[in-house]
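Shown next, in structure tokens, is the structure this report addresses.
The values are calculated or read from the model by the stated rules, or taken from the named source; none is laboratory data. All values derive from a computational prediction rather than experimental measurement. Virtual Cβ from ideal backbone geometry, glycine too; neighbours counted across all protein chains shown. All accessible areas refer to the heavy atoms of the entire protein, side chains included, with ligands and DNA or RNA removed. Shrake-Rupley method; radii C 1.70, N 1.55, O 1.52, S 1.80 Å.
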Amino acid sequence: MRIARYSVGGEVSFGIVEGTGDSIEIAEIAGHPFGAIEFTGVRHPLSRVRLLAPVLPSKVVAIGKNYAEHASEMGGEVPEAPLLFLKPSTAVVGDGDPVAYPSSSTRVDYEGELAVVIGRLCREVPASRANDVILGYTCANDVTARDQQASDGQWSRAKGYDSFCPLGPWIATGIDVADVAVSTRLNGEVKQKGRTSQLVHKIPDLIAYITTCMTLLPGDVILTGTPAGVGPMQVGDEVTVEIERIGQLRNPVVAR
Ligand code: MG
């Protein structure tokens, strides 16, 4: 199932994306997708709605250096325990929304990543039960002001600008993401190409590790880390994160 959040005529709803190609439609659901799904009977062609970020998380928990080749391109090793940082909820934007390049940075990078969307309030989740708390998966771009990541000594500003967390286009549920392709294209040129089987700390272990520290709420998002090949974006570029079995997340880069 694919769950989208969208607006049509100024009204924001969740819906289920059905069909393929030119005949994709969204079937509106009542309320939110965290619980039993109830259809309202209202349907829209996908082309008639504006997709929004598929979820509004209370927090985005991200993992640094979780692919060995990326850790090494950053000049480091994979951390023994998952390296956690937070991105503010206000950084989240959806498919098609612009990434706003701040004038305070001269080096803003893309980082294509698989994102996990949490389905229920949870804490102290054992890895063996992690699947029970996952609603589904979406594509993410962990946009980073690389110069400030180095100069600040910690990452809140570098990772936290408005629009630095594109998510979308929708949440795919019921899929196996143990070994799916993750790629990032800049203006159509492939820059990152990895597979989730290369994740050093796997999703169940990440959920166990995170929830020994903080409670996760429905809609919270975990960014699982980026493969090798990160690099800079410029104003005027378009960046696309594509994940097998989920879809494509496309965002233009504009001056803030
Ligand atoms: Mg990242």
Return a yes/no flag: does the stretch 221-233 have any residue that is within 27 Å of Arg2 (Cβ to Cβ) and either free of Cβ contacts under 8 Å to residues at least 12 places away in the same chain or out of contact with any Asp or Glu (no Cβ under 8 Å at 6 or more places or on another chain) (or both).
-> yes
Selection count, the stretch 45-71, where residues are more than 18 Å from Leu216 (Cβ to Cβ), more than 15 Å from the ligand (Cβ to nearest atom) and open to solvent by 30 Å² or more (accessible area, probe 1.4 Å) | 5
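With respect to Ile210, determine if the residue is within 16 Å of the ligand (Cβ to nearest atom) and in a helix (DSSP H, G or I).
So Ile210 passes the test.
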Of the conditions (1) crowded, with 23+ Cβ neighbours inside 10 Å; (2) in contact with a helix residue (DSSP H, G or I) (Cβ under 6 Å, 6 or more places away or on another chain), Leu223 clears all except one; give me its number.
-> (2)
Give the residue that is surrounded by the most Cβ atoms within 10 Å (Cβ to Cβ), with candidates limited to residues of the stretch 171-186 that are in a loop (DSSP other than H, G, I, E, B) and of a type in the set (D, E, K, R).
-> Asp179
Of residues in the stretch 1-44 being closer than 23 Å to Pro88 by Cα and of a type in the set (Ser, Thr, Tyr), the one surrounded by the fewest Cβ atoms within 10 Å (Cβ to Cβ) = Ser7
Selected residue (only one of Lys159, Lys193 is on the phi < 0 side of the Ramachandran plot and either in contact with a helix residue (DSSP H, G or I) (Cβ under 9 Å, 6 or more places away or on another chain) or at pLDDT below 95 (or both)) = Lys159
Count of residues meeting criterion [surrounded by fewer than 21 Cβ atoms within 10 Å (Cβ to Cβ) and either small (Gly, Ala, Ser) or not assigned by TED's automatic domain parsing to the domain that holds Thr215 (or both)] in the stretch 156-165 = 2
Looking at the stretch 148-155, is at least one residue under 21 Å from the mean Cα position of the chain (by Cα) and open to solvent by less than 20 Å² (accessible area, probe 1.4 Å)?
-> no
Taking the stretch 187-199 only, how many residues are buried (at least 19 other Cβ atoms within 10 Å of the Cβ) and aliphatic (A, V, I, L, M)?
-> 1
Exclusive hit being at pLDDT 95 or above, on the phi > 0 side of the Ramachandran plot and either touching a Leu at 6+ places or on another chain (Cβ under 6 Å) or open to solvent by less than 40 Å² (accessible area, probe 1.4 Å) (or both), set Gly168, Gly119 = Gly168
Just a yes or no: is a residue in the stretch 95-109 modelled with pLDDT under 95, crowded, with 23+ Cβ neighbours inside 10 Å and within 28 Å of Trp170 (Cβ to Cβ)?
-> no
Among (1) without any contact (Cβ under 8 Å) to a residue 12 or more places away in the chain; (2) assigned by TED's automatic domain parsing to the domain that holds Tyr161; (3) under 25 Å from Val241 (Cβ atoms), the one test that Asp22 misses | (2)
Top-ranked residue in the stretch 122-146 [being buried (at least 16 other Cβ atoms within 10 Å of the Cβ) and not hydrophobic (A, V, I, L, M, F, W, C); ranked as nearest to Gly247 (Cα to Cα)] | Thr138
In the stretch 219-229, anything within 16 Å of the ligand (Cβ to nearest atom) and under 20 Å from Asp95 (Cα atoms) is listed as Val221, Ile222, Leu223, Thr224, Gly225, Thr226
